[in-house]
1. Is at least one residue of segment 75-86 modelled with pLDDT of 80 or more, part of a helix (DSSP H, G or I) and of a type in the set (A, V, I, L, M, F, W, C)?
2. One residue is enough: does segment 11-21 have a residue meeting the conditions outside any helix (DSSP H, G or I) and surrounded by 10 or more Cβ atoms within 10 Å (Cβ to Cβ)?
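The values are calculated or read from the model by the stated rules, or taken from the named source; none is laboratory data. As the structure is a computational prediction, the values presented were derived from the model and not from experiment. We place every Cβ from the backbone using ideal geometry, glycine too, and count neighbours over all the protein chains shown.
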Amino acid sequence: MKLTTKVTLGLSVAAAAGIASTVFVSDKVITKVRHIANRKKVEHFVEDKFNGNETLLNFVDNLEDKDIESFMKVAQKVSDKRDKVAAYGDNVKNATENVKEKIVDLMDR
């Protein structure tokens, strides 16, 4: 094997290893940042809804990342359901107004 072939192979292997380690480290960093952001969101929720209750804040500090992740999923589902209820409320309001207008029209005749 020629020296240039060996050098090229060595550089290729080194580059592949560098890329693989960069992807692995980037994934770890992204996951860690996501966990920290979720924890801060939960802490902000406790501060906002429970007036910064120290017991609850300490409880949040002691939760594992997977528990925080579960809480965030539940919170997202509750938020989605609240939006649906608000939409249903608007539909009921519109339907009530329509019925009221029809009754008023019938009474005016």
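1. yes
2. Initially, segment 11-21 is screened for residues outside any helix (DSSP H, G or I), giving none.
No, segment 11-21 contains no residue that is outside any helix (DSSP H, G or I) and surrounded by 10 or more Cβ atoms within 10 Å (Cβ to Cβ).
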